[in-house]
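Okay, so here's the structure we're looking at.
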Amino acid sequence: MTKKKLDAAVAAYQKALTLPEDTTATPSTAHTRANNNLGLTFQEQGKLKEAIEHFDKAEAIDPDYIYASNNNREARRLWTEQQNKLASVEDDRQWLPKNDPTVSIKRSVVLITAEFFNRDRQGREIGTGIVIQREGKRTLILTNSHVIFDRNEQGKNIQVEFFSSPPENRVRMRRNAKLFKATSIGEKLDLAILEITDKLPEDIQPLPISATAINHRVPIKIIGHAAKRDEDKSWSTELGKISNYNNQQLEISEAILQPGYSGSPVLDSQNRVLGIAYSIRKKK
């Protein structure tokens, strides 16, 4: 597949699916990965219906395999664009919900996607970012370095999606982004800044940064993205508290974060940014 020998890749993955299942494989089962990669190959060939079918099968076998979920979401977006002959969305303000008081905040919290194909990441990586600066057509977005890097490999086709609630036959506004600056692998801070140079609607503005001292046990909220089978959890809000603050690192308790929340803003009661999420501590 990586050598673009797509017909041969299809045959190889289809053969793999006739072989006995291997549940010892990591990060998921052999048939999960074969269905996921077959879906990616079909998508590369422009066969979106077949791609969605195999992403569905991969998710059915292992609902926790995030790349099948992420890839399925992307294939369905492309299917909607194809079936409705959609052009790029230039202004999506007509699709903003009227009764959501958090719309202005959500507009500054973006969904980031990047493409990988290696041993661990097979398809779309999803993360979160926040708008931190805007001058004319130039917009800067802060996120985690690991959202767009896997070790020293930078993800391809980095794109940013903005919050709205479009009808079923439409898709959210999306823009291409490029890396502006990032911390190096192994550095203490896991940060990257993306740059967009396309025109955006005027209501998409930087989030304010808190300048006050950070106190323990202060209530916070985190806005980020998590996808489950047949359920869109984008721009979800998790509530929690600051349990510790030491050496530029916040420890958050009570909030339940999922893959996709990397780069999400940690907000105080006045919706000011205290920091961004970069790691989830798994329960023992």
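Readers should treat all values here as calculations from the given coordinates under stated rules, not as data from a laboratory. Just so you know, these numbers come straight off a predicted model, no measurement behind them. When we count neighbours, we look across all protein chains shown, and the Cβ atoms used for this are built from the backbone with ideal geometry, even at glycine.
Once you've got the Cα coordinates, tell me which of K49/K178; K98/K221; K3/K49; K85/K106; K156/K181; K3/K178 are over 18 Å apart. From K49/K178; K98/K221; K3/K49; K85/K106; K156/K181; K3/K178, over 18 Å: K49/K178; K98/K221; K3/K49; K85/K106; K3/K178. Just so you know, the Cα atoms of region 6-84 work out to an Rg and Dmax of 12.2, 42 Å.
For region 188-200, 3J(HN,Hα) computed residue by residue from phi via the Karplus equation (6.51, -1.76, 1.60; θ = phi - 60°) reads 5, 8, 9, 9, 8, 10, 9, 10, 10, 10, 9, 5, 10 Hz, glycine and proline entered as x. Label positions at R138 and A87, each projected 7 Å from the Cα along the C-beta direction, are separated by 2.8 nm.
Counting alpha carbon pairs within less than 8 Å and at least 6 residues apart, what relative contact order, in whole percent, applies to region 1-118? Walk me through the intermediate numbers first.
Numbers: 97 pairs, mean separation 20.5, N = 118.
Computed over region 1-118, the figure is 17 percent.
One Cα centroid belongs to region 10-43, the other to region 116-191; the line between them spans 27 Å.
Summarising the amide proton neighbourhood of Q258: residues at separation of 5 or more, or on other chains, whose placed amide H is nearer than 5 Å comprise an empty set. Sequence-ordered 3J(HN,Hα) estimates for region 54-64 from the Karplus curve with 6.51, -1.76 and 1.60 and θ = phi - 60° stand at 7, 5, 4, 5, 4, 5, 5, 6, 9, x, 8 Hz, glycine and proline given as x.
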